[in-house]
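K.L.:
Got a structure for you, questions after.
The values are calculated or read from the model by the stated rules, or taken from the named source; none is laboratory data. What you see is a predicted model; the values in this text were computed from it and never measured. Cβ placement follows ideal geometry from the backbone for every residue including glycine, while neighbour counts extend to all protein chains displayed. Remember, those area values only see protein heavy atoms, side chains included, never the ligands or the DNA or RNA. Shrake-Rupley method; radii C 1.70, N 1.55, O 1.52, S 1.80 Å.
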Amino acid sequence: MHSHSVCSDGILSPEALMSRAKERGVTSLALTDHDTVAGLGRAQTAATALGLTLVPGIEFSSQWGRGGVHIVGLNFDLDSPDLHRAIAQQQTAREERARAIDQRLAKLGIPGALDGARRLAGEGQLGRPHFAGYLVERGLVKDAGAAFKKYLGAGKPADVKFQWPSIEQVVGWIQAAGGLAVLAHPRKYPLTRTKMSALIGDFAELGGDALEVISGQQPSGMAEDLARLASRHELAASCGSDFHRPDAPWQELGNFGRLPPGCQPVWELPGFAERP
Ligand code: MN
Ligand code: MN
Ligand code: MN
């Protein structure tokens, strides 16, 4: 219930993603590109041809306190005007952030970053990884990790303070479009377990539907821990690989599909199966 294509920061086309899912024995999956539904039409055509069930999805950037969190929307109505307004708003926000990063880098004596990042993003959503790619390309850092460490990461010279929309807002967008809101990869945020637990509580209180109990490869016991937190807050459970690329076995399609016992799978919630 969580994967990416070239329409955001994945490297496979929507068609190639569906073929890989089929090869990997997946029967049902969601394409959840960052802040866009641009790949869903092509993915649906390919999924139909391959006999796969495609769940319409998106991964929205949101804000909790001073940090960013990601909220996956699943099984919404693709024709919802609310959803398309929300996507347009996120796109404007991404553009503004990209221009601000570009200005910071230019002040540091690195001109042309926005053009470079745009070229690397291609048809995908422009994001910080593309700026990182540009810095690597220019030979200023050895890899993307170093680009974040030296320039783009929190507190670094090209880190732009940026407010994404609140959890309440994002959950509202998804639900207005008839979808379910899922808090993505809770252990990937730089939070202590206490803080993470508070985030999950807030998400539930603000109307969220489910928690990603499984997100790719996790240390043993983590899924069980997250499953307990999900049931404590009456959230359903989701799982996904967060697939971006074929050479990353820790986020491979079809490897992470088994929820711990006692979870309420998000795809079994009322209404989930009925949407075409
Ligand atoms: Mn991504
Ligand atoms: Mn994410
Ligand atoms: Mn993701």
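K.L.:
Just to be sure before I move on: is G25 of a type in the set (G, A, S) and within 16 Å of ligand 1 (Cβ to nearest atom) in the structure I sent?
P.N.:
Details: of a type in the set (G, A, S): yes; within 16 Å of ligand 1 (Cβ to nearest atom): no.
For G25, the condition - of a type in the set (G, A, S) and within 16 Å of ligand 1 (Cβ to nearest atom) - is not met.
K.L.:
Looking at L180, L114, L140, L135, which one is touching a strand residue (DSSP E or B) at 6+ places or on another chain (Cβ under 7 Å) and at pLDDT 95 or above? Full working, then the answer.
P.N.:
Values: L114 fails: touching a strand residue (DSSP E or B) at 6+ places or on another chain (Cβ under 7 Å); L140 fails: touching a strand residue (DSSP E or B) at 6+ places or on another chain (Cβ under 7 Å); L135 fails: touching a strand residue (DSSP E or B) at 6+ places or on another chain (Cβ under 7 Å).
L180 is the lone residue from the list that is touching a strand residue (DSSP E or B) at 6+ places or on another chain (Cβ under 7 Å) and at pLDDT 95 or above.
K.L.:
So, one more: Identify, please: which residue in region 157-169 is in a helix (DSSP H, G or I) and of a type outside the set (A, V, I, L, M) and is, among those, least open to solvent (accessible area, probe 1.4 Å)?
P.N.:
Filtering region 157-169 for residues in a helix (DSSP H, G or I) gives 167-169.
Now narrow it down to the ones that are of a type outside the set (A, V, I, L, M): 168-169.
Working: E168: 118, Q169: 79 Å².
The extreme case among them is Q169.
K.L.:
Which condition does R128 not pass, out of (1) under 17 Å from E96 (Cα atoms); (2) at pLDDT 95 or above, if it passes all the others?
P.N.:
(2)
K.L.:
Something else now. If you go through region 8-28 one residue at a time, how many are hydrophobic (A, V, I, L, M, F, W, C), open to solvent by 10 Å² or more (accessible area, probe 1.4 Å) and in contact (Cβ under 8 Å) with a residue 24 or more places away in the chain? Walk me through how you get there before you give the answer.
P.N.:
From region 8-28, those hydrophobic (A, V, I, L, M, F, W, C) are 11-12, 16-18, 21, 26; that's our starting set.
When the remaining residues are screened for being open to solvent by 10 Å² or more (accessible area, probe 1.4 Å), the result is 11-12, 16, 26.
Checking the rest, the ones that are also in contact (Cβ under 8 Å) with a residue 24 or more places away in the chain come to 11-12, 26.
So the answer is 3.
K.L.:
Give the residue, chosen from D209, D247, D242, that is within 16 Å of ligand 2 (Cβ to nearest atom) and acidic (D, E). If you could, list the steps in order and put the result at the bottom.
P.N.:
On the way: D209 fails: within 16 Å of ligand 2 (Cβ to nearest atom); D247 fails: within 16 Å of ligand 2 (Cβ to nearest atom).
Result: D242 is the single residue among D209, D247, D242 that is within 16 Å of ligand 2 (Cβ to nearest atom) and acidic (D, E).
K.L.:
Something else: Sort out which residues of region 172-206 are touching a helix residue (DSSP H, G or I) at 6+ places or on another chain (Cβ under 7 Å) and away from ligand 2 (no atom under 15 Å from the Cβ), and write them in order of number.
P.N.:
Result: W173, A176, A177, L180, S197, I200, D202, L206.
K.L.:
Something else: If only one of D202, D209 is over 17 Å from the mean Cα position of the chain (by Cα), of a type in the set (D, E, K, R), at pLDDT 95 or above and under 23 Å from Q90 (Cα atoms), which one is it? I'd like the intermediate steps shown before the answer.
P.N.:
Values: D209 fails: over 17 Å from the mean Cα position of the chain (by Cα).
After ruling out the rest, the residue left standing is D202.
K.L.:
I'd like to know if region 119-134 contains one or more residues that are away from ligand 1 (no atom under 15 Å from the Cβ), without any contact (Cβ under 8 Å) to a residue 60 or more places away in the chain and either closer than 30 Å to A204 by Cα or among the hydroxyl-bearing types (S, T, Y) (or both).
P.N.:
So far as region 119-134 goes, yes, one or more of its residues are away from ligand 1 (no atom under 15 Å from the Cβ), without any contact (Cβ under 8 Å) to a residue 60 or more places away in the chain and either closer than 30 Å to A204 by Cα or among the hydroxyl-bearing types (S, T, Y) (or both).
K.L.:
Could you pull out every one of the helices (runs of 4 or more DSSP H) wholly within region 33-147 that has 2 or more residues that are of a type in the set (A, V, I, L, M) and open to solvent by less than 10 Å² (accessible area, probe 1.4 Å)? Explain how you work it out, then say what you get.
P.N.:
Numbers: elements: 40-50, 81-107, 113-121, 128-137, 144-147.
Helices (runs of 4 or more DSSP H) meeting the threshold: 40-50, 81-107, 113-121, 128-137.
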